[in-house]
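*Asks:* Okay, handing you the structure first.
Since every read-out is calculated from the coordinates, none of them should be taken as a lab result. Worth saying up front: this structure is predicted, and the values here are computed from it rather than measured. For neighbour counting, all protein chains shown are included, and Cβ atoms are generated from backbone atoms with ideal geometry for every residue, glycine included.
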Amino acid sequence: MVVNRKSIATTAPGADAFTFSDGNGALVNFGNLSAAGGLADGIRVTAAGASVVNHGSIVTSGDGSDGIGAGGWFGALDGVSVTNFGTIASSGNATGTDDAPEYPTGIELFGENERITNHGTITSRGIDGSGVSLVGSHGEVRNYGTIDAEAIGIVLDSLTGEDHANSIENFGLIRTHDLGLAHGIWVFTDGNDIVNRGTIRAEGVHDFGIALEGMNNHSANYGVIAAAGEEARGVLITNEGNDFTNYGRIEASGADGIGVRFSFDDGLSLTGSLFTNRGTVDASGGGYAILGSIPDEQVVNRGTLNGDVDMGDGNDRFVAGSGGHLNGLLTLGDGNDRITIERHGGDLVIGDFAASGASQDVLDLSAFHLRSFADVMSHASQTGGDVILTLAGDTHVTLQGVGLTALNPADFITG
Ligand SMILES: [Ca+2]
Ligand SMILES: [Ca+2]
Ligand SMILES: [Ca+2]
């Protein structure tokens, strides 16, 4: 084991403050390390299997510089482990080429089976910066401390285009602020597990708490995800096969904030992507609890949604699950949407149920053992311009702007 207690400062481009090249060895740093030049790191690891523990202070300010870094676009270093108990601060801008961009990061590892654990404080400043960057497969990131980033808290990216199966768990605080379009956790790769048990605060304009942009990721929130900035989003899902379950609290408190956003910006499919709510999503800032997009989205609500839900175009699925409450309006949009009402599914108000035509929607009432269309209609009444279906004492469905005579057997699944 190598122990550094010295303070080391460099200023030249490419001059790392400390280089560690003992594969399968350990470096413990108690010193103050600073590197001011471009592509100059606080600690540069040059051997696979090395481990670094930082109790000191590391400051980098050059373009493309990392507090602690291993590997790069030129090649991976597998099995590197970094644990931070101290402070790491990085700033500067991106440099390098489009194929091999070098971003300034607090901790950046390229390779398989990497481990990053933060108990201290990582601060990232600058529009291109990130607190933690993991580029590879089968890695693990655990945050128990604070990651304070202007742009990106934690990012999963790929060296090969096929990297996958990493795990991120946040027990601490991840905060993004100041700059627009920042991300607390940004996932570009596939098949990862992302869990928040702490707090993620997206405080800047149009910031995102957790963004799933790869495929087939599994994600859960047991803590708090706060979209506090104007037009901020708690959760963003832009690709297929992603599932996100909320057991905790997702808040969209900024003006026009959105709790959960399914987006279609890149022309990607959202097939199989699912958001399940077992906690609370609160759009107190006046935006949406959940906002869908053109593709087919699936939402299951067994918790509380405060705010409107708009599924957008496409053949969407919404399950008013047992124990769920939607305190807002459900809009289905174009497409043949299916709404399933479970027993104790609460009261649901649908703003644009299409009883016929190209955009016809279906209410699945099979949980209530209604035998026929006539049986359904015996539970329906007209109140003003709306139909109200009384399915149980605690379960009503209001179809706004629908006349009783417009309803037909094809609108319901019974039995
Ligand atoms: Ca949709
Ligand atoms: Ca729709
Ligand atoms: Ca529809």
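*Asks:* If we count every other residue with Cβ under 14 angstrom of G49's Cβ, Lys/Arg +1 and Asp/Glu -1, where does the sum land?
*Replies:* Value of the local net charge: -3.
*Asks:* Hey, could you get me the Stokes-Einstein D for the chain, Kirkwood radius over alpha-carbon pairs, 37 °C and 0.692 mPa s, rounded to whole µm² s⁻¹?
*Replies:* 146 µm²/s
*Asks:* Quick one: putting +1 on the C-beta of Lys and Arg, -1 on the C-beta of Asp and Glu, what dipole do you get for the chain around its Cα centre, in Debye to the nearest 20?
*Replies:* With only Lys, Arg, Asp and Glu charged at Cβ, the dipole is about 1440 debye.
*Asks:* While we're on this one: What does the net charge come to around N327 if you take all other residues with beta carbon closer than 13 Å to its beta carbon, with K and R at +1 and D and E at -1?
*Replies:* After counting each charged neighbour, the total is -3.
*Asks:* If you count, for each residue, the other Cβ atoms within 10 Å and average over each peptide, how do 286-297, 382-393, 346-357 line up from highest to lowest?
*Replies:* 286-297, 346-357, 382-393
*Asks:* Shifting gears a bit: Which of the peptides 106-113, 328-335 is most tightly packed, and how do the rest follow, judged by the mean count of other Cβ atoms within 10 Å per residue?
*Replies:* Output ranking for 106-113, 328-335: 106-113, 328-335.
*Asks:* Sticking with this one: I need the semi-axes of the equivalent ellipsoid of region 311-415: take the C-alpha gyration tensor, multiply each eigenvalue by 5, square-root it, list largest first in whole angstrom.
*Replies:* One finds semi-axes of 18, 16, 14 Å for region 311-415.
*Asks:* Still on this model: With both partners inside the chain, how many of the DSSP beta bridges are antiparallel, as a percent to the nearest 5?
*Replies:* For the chain, the DSSP antiparallel bridge percentage is about 5.
*Asks:* Using modelled amide H (1.01 Å from N, peptide plane; none on Pro or chain starts), what sits under 5 Å from the amide H of D347, excluding residues fewer than 5 places away?
*Replies:* Those lying under 5 Å, H to H, from D347 are L326, H396.
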